[in-house]
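Quick note: the coordinates plus some simple rules give every number you see, no bench work behind them. Nothing here was measured: the structure is a model prediction, and the numbers come from that model. Neighbour counts run over all protein chains shown; Cβ positions are idealised from the backbone, glycine included.
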Amino acid sequence: MQLLKLKSRLHRFEYFADFAKEFELGDKDLVITNEFLYEPFMKSLGLKCHFVMQENYGLGEPSDEMMNSILADIKKVDFRRIVAIGGGTVIDISKLFVLKNLDNVTDAFERRIPLIKDKELVILPTTCGTGSEVTNISIAEIKAKHTKMGLADDTLFADDAVLIPELLRGLPFRFYAASSIDALIHAMESYVSPKANPYTQLYSKAAMEIIIDVFDKIARHGEEYRFQRFGDMLVASNYAGIAFGNAGVGAVHALSYPLGGNYHVPHGEANYQFFTEIFKLYRTKAPKGTIETLEGIVADILRSPIADVYDNLDKLLSNLLQKKPLKEYGMTEADIDLFTENVIATQQRLLANNYTSLTKEDIRNVYKKLF
């Protein structure tokens, strides 16, 4: 049985300029990024790369429409390497563009074409949550289906993953909070996955320890404290990415996708709404097992009684981001059944990673309770 796979080479630089010099960025590189990153970190270097600014093709999280618009333009460019510098949107988009003979990204998500890697891929994350720089997963909203779909295939692995704390400097606190909470969810979901093993759990546990410590210090010292720990949070997100890239994530992500796809709730924030409720359900349905070990770890880090671990975790996370009833995002009562059906129909890839199986009624009750 395979225990761990890490195909990307890992690098760390303090400054973007050092990376650009060592990787010899030039005219055969296609850089997909955002203007707010290009201006402070790349413009003054006079790089000869071909630059694509993701926001020129639409705002928010990636969709098939956004990806196909970019794809049509980059077909006119001669490049050998894709350099993704950004958050989850930029990274998920860039992963698809390594594929040979890609004309419509939906064909790839639905596996209607052979998935053959045709370009090198270098990923520089500029948020501290996706861990996507070391996973083989791309996620996008498929507009016609009113949901998100994920593609997991080894052709999507980055050749090089590069951590540069400087790139987090301009990240607004709300985005920092949502992405880093998402990293914690990656760590905890992958820890209890049936595919977890001692190696993936080692990375999960290390990620939890760092992330919760940073959150605790932010609660004590304020939002500005995050600037002192950008490097640590990037590493923690990367650890969580390695863990969930091998062991997978489950129901928290699965239930969040219809909310994100229909009401455009950012990925990390959507996951946060379901996080502790799913783990409380796991505890109720199967209290003896890996969930006990996980709760002990988190309780120790939080200095909390195990019985109160999820309530105290919610209290800590509320210092970063407030939970809201799902109806405040636009969800309707009719959506409770629609979302439940959608999850059952489209998210079996994720539901297979649940700590314990959830019934259709379990899923419906989570939506109903959080509505």
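The relative contact order of region 238-355 comes to 44 percent, based on Cα pairs under 8 Å that sit 6 or more residues apart.
A cut-off under 10 angstrom between Cβ atoms defines the neighbours of residue 176, and their net charge, with Lys, Arg +1 and Asp, Glu -1, is +1.
Working from Cα pairs under 8 Å separated by at least six residues, relative contact order for the chain is 16 percent. Say the dipole of the chain comes from +1 at the beta carbon of Lys and Arg and -1 at that of Asp and Glu; which of 34, 359, 139 then lies farthest toward its positive end? The residue sitting most towards the positive pole is 359.
In this rough spin-label picture, where each label sits 7 Å from Cα along the Cβ direction, the residue 119-residue 1 distance is 3.8 nm. For residue 360, the lysines whose Cα comes closer than 18 Å to its Cα, not counting residues fewer than 8 places off in the same chain, are 280, 285, 368, 369. Taking every DSSP bridge with both residues inside region 1-143, close to 5 percent are antiparallel. Lys/Arg Cβ at +1, Asp/Glu Cβ at -1, dipole of region 216-371 taken about the Cα centre: which of 322, 340, 228 is farthest positive-ward? About the Cα centre, the residue reaching furthest to the positive side is 228. Only beta bridges with both residues in region 67-206 are counted; by DSSP, about 45 percent of them are antiparallel. Net length available on complete extension from residue 217 to residue 173 is 14.4 nm, with 0.36 nm assigned per residue and the Cα-Cα distance removed.
State the Cα centre-to-centre distance between region 1-51 and region 259-311 in whole Å. Centre-to-centre (Cα) distance: 35 Å.
If R0 is 56 Å, the Cβ-Cβ spacing of residue 43 and residue 199 corresponds to a FRET efficiency of close to 0.85. Sequence-ordered 3J(HN,Hα) estimates for region 353-370 from the Karplus curve with 6.51, -1.76 and 1.60 and θ = phi - 60° stand at 9, 4, 4, 9, 5, 10, 7, 4, 5, 4, 5, 4, 5, 5, 4, 4, 5, 8 Hz, glycine and proline given as x. Once you reduce region 197-236 and region 103-120 to the center of their Cα atoms, the two points are 35 Å from each other.
In terms of the mean number of neighbouring beta-carbon atoms within 10 Å, the peptides 73-83, 135-145, 186-196 order highest first as 186-196, 135-145, 73-83. Can you give me the angle between helix 290-302 and the longest principal axis of the chain, using Cα atoms only, in degrees from 0 to 90, rounded to the nearest 10? Once rounded, one gets 80 degrees. Summary of packing: across the peptides 3-13, 265-275, 343-353, the per-residue average of other C-beta atoms within 10 Å ranks them, highest first, as 265-275, 343-353, 3-13. Between the Cα long axis of helix 230-247 and the first principal axis of the chain there is an angle of about 70°, rounded to the nearest 10. Taking every alpha-carbon pair under 8 Å whose residues sit at least 6 apart, region 114-170 reaches a relative contact order of 44 percent. For the chain, adding -39500 (n - 2.57) for each run of n ≥ 4 DSSP H residues and dividing by the number of residues yields -15500 deg cm²/dmol at 222 nm. Candidate values (i) 28; (ii) 36; (iii) 39 were compared with percent of Cα pairs over 32 Å apart computed on the shown model; the agreeing label is (i). Computed from Cα positions, the angle between helix 64-74 and the longest principal axis of the chain comes to roughly 20 degrees. For the chain, the antiparallel share of DSSP beta bridges with both residues in that region comes to about 25%.
Cβ-Cβ distance of residue 9 and residue 368, R₀ of 41 Å, FRET efficiency by 1/(1 + (r/R0)^6): the value works out to about 0.35. Estimate the FRET efficiency between residue 322 and residue 143 by the formula 1/(1 + (r/R0)^6), using the beta-carbon distance for r and 25 Å for R0, to the nearest 0.05. With a Förster radius of 25 Å, E is 0.30.
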